[in-house]
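Asker: What follows is a single structure, and I will ask about it in a moment.
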Amino acid sequence: MHIIEAAAELVYRVEFNRFVVLLPELPVFVLAVGGYGFKASRHFFYAGNHVTLTRKSSRMDLQTVGTFFNTAWSVYDTALERNYMYHREIYAGVLDQLQTCPAGQYTLLDLGCGSAKTFAPVLAQHPPLRYVGVDLSATALAEAATWLRPHGFGVELHEGDLFDFIQQTPPASFDVVFAGFALHHLLKADKQTAFHHAHRTLKPGGFFLMPDAVRYEDETRDLYLERYVRNVQTTWTALSPPQMEAVIEHITGQDYPERPSTLARMAKEAGFSRSQELARFGHHATWRFDA
Ligand SMILES: C[S@@+](CC[C@H](N)C(=O)[O-])C[C@H]1O[C@@H](n2cnc3c(N)ncnc32)[C@H](O)[C@@H]1O
């Protein structure tokens, strides 16, 4: 199964008018050189239909994810308000973990901070000395400033790609690296790189805390997504039909949750000494990785 999944990341995306097919590289190559007026470009015509051939990036689809979280922030906000993703329970557990750091003295890097709407009151209860948030969405960051700044601790917000940001972060610069529901958009190789840089960025004794979409050990990505989509369709009832469609498209197109054993292996390879799944709520689990 792991080999099949790895192979599935090496596919071309062929858009055939309204049909989208994912094909392994070889058949597409054969199709390409097999005739039909193909020329070496990203666009060609096949049997009169306009076909777009795009090499699937080895990176996450930054533009699609960024557009979703810029234009559909109110949809995500409804999910927060209605607690569809168990933010209340999950962030109560996050508070417990932060309380292992001395209040007012620890530094925290929040990767994919979003609006920090649920995190801000938790941080207010156990404030850091310095909070640094990074996110693709300017919409979310503008809101984050309003939730975080009144609490009096140091706040820096950066608009950009968390993957680039963490690679440029100086070594041993934070006590806590936090990523809430953000890393599941990265493909496997980039998750491994993110783990490596999270470890490098942590001070000795620091930890990486990650509530996120996590599969069951024996579950394929497809089965996980099916389970998640069924849950959205039956419980996210405050969404309008177009909003629900946008959420389902986002999940099925951009979510790459891992198995528990994969997360533990990635953390070990990055140098973390201990990995623990602390809690599981629905489709999500909170993990702590100690440097
Ligand atoms: C599901 S929201 C989670 C927001 C918040 N952390 C929470 O717990 O509610 C995912 C956030 O990650 C951000 N994000 C996803 N990929 C990113 C990337 N490569 N760089 C920066 N931000 C990213 C999105 O813009 C979005 O705000």
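The values are calculated or read from the model by the stated rules, or taken from the named source; none is laboratory data. All values reported here derive from a predicted model rather than from experimental measurement. Cβ placement follows ideal geometry from the backbone for every residue including glycine, while neighbour counts extend to all protein chains displayed.
Asker: What are the residues in region 139-174 that are of a type in the set (A, V, I, L, M) and either in contact with a Gly (Cβ under 9 Å, 6 or more places away or on another chain) or more than 15 Å from residue 108 (Cα to Cα) (or both), if any?
Answerer: Residues satisfying the conditions are 140, 141, 142, 144, 145, 148, 155, 157, 162, 172.
Asker: Any idea which residue in region 127-167 is nearest to the ligand (Cβ to nearest atom), counting only those that are assigned to a strand (DSSP E or B) and more than 16 Å from the chain's Cα centre (by Cα)? Walk me through it before giving the result.
Answerer: Of the residues in region 127-167, the ones assigned to a strand (DSSP E or B) are 130-135, 154-159.
The next check asks that each one be more than 16 Å from the chain's Cα centre (by Cα); those that pass are 130-132, 154-158.
Values: 130: 18, 131: 13, 132: 13, 154: 19, 155: 15, 156: 15, 157: 12, 158: 9 Å.
By that ranking, first place goes to 158.
The rows are residues; the columns are (1) charged (D, E, K, R); (2) in contact with a strand residue (DSSP E or B) (Cβ under 7 Å, 6 or more places away or on another chain); (3) closer than 19 Å to residue 64 by Cβ; (4) surrounded by 14 or more Cβ atoms within 10 Å (Cβ to Cβ).
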{"residue": "186", "(1), (2), (3), (4)": "no, no, yes, yes"}
{"residue": "213", "(1), (2), (3), (4)": "no, yes, yes, yes"}
{"residue": "218", "(1), (2), (3), (4)": "yes, no, no, no"}
{"residue": "244", "(1), (2), (3), (4)": "no, no, yes, yes"}
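Asker: I'm checking my understanding of the structure. Among residues of region 168-196 that are among the aromatic types (Phe, Trp, Tyr) and within 9 Å of the ligand (Cβ to nearest atom), which one is farthest from residue 267 (Cα to Cα)? So that I can check it myself, show each step before the final result.
Answerer: Initially, region 168-196 is screened for residues among the aromatic types (Phe, Trp, Tyr), giving 174, 178, 181, 195.
Narrowing further to those that are within 9 Å of the ligand (Cβ to nearest atom): 178, 181.
Working: 178: 14, 181: 17 Å.
Checked region 168-196; the qualifying residue farthest from residue 267 (Cα to Cα) is 181.
Asker: Cβ-Cβ under 8 Å, sequence separation 6+ or interchain: first residue in region 209-224 and touching a residue at least 40 places away in the same chain (Cβ under 8 Å), partner in a loop (DSSP other than H, G, I, E, B) and of a type in the set (Phe, Trp, Tyr). Which pairs?
Answerer: So the pair list comes out as 211/181; 212/181; 213/181; 221/256; 224/216.
Asker: Among the numbered conditions (1) more than 15 Å from residue 79 (Cβ to Cβ); (2) of a type outside the set (Gly, Ala, Ser); (3) in contact with a His (Cβ under 9 Å, 6 or more places away or on another chain); (4) modelled with pLDDT of 95 or more, tell me where residue 223 comes up short.
Answerer: It is condition (3) that residue 223 fails.
Asker: I would also like to ask the following. Could you check how many residues of region 56-100 are within 18 Å of residue 164 (Cβ to Cβ) and among the small types (Gly, Ala, Ser)?
Answerer: The number of residues fulfilling the criteria is 3.
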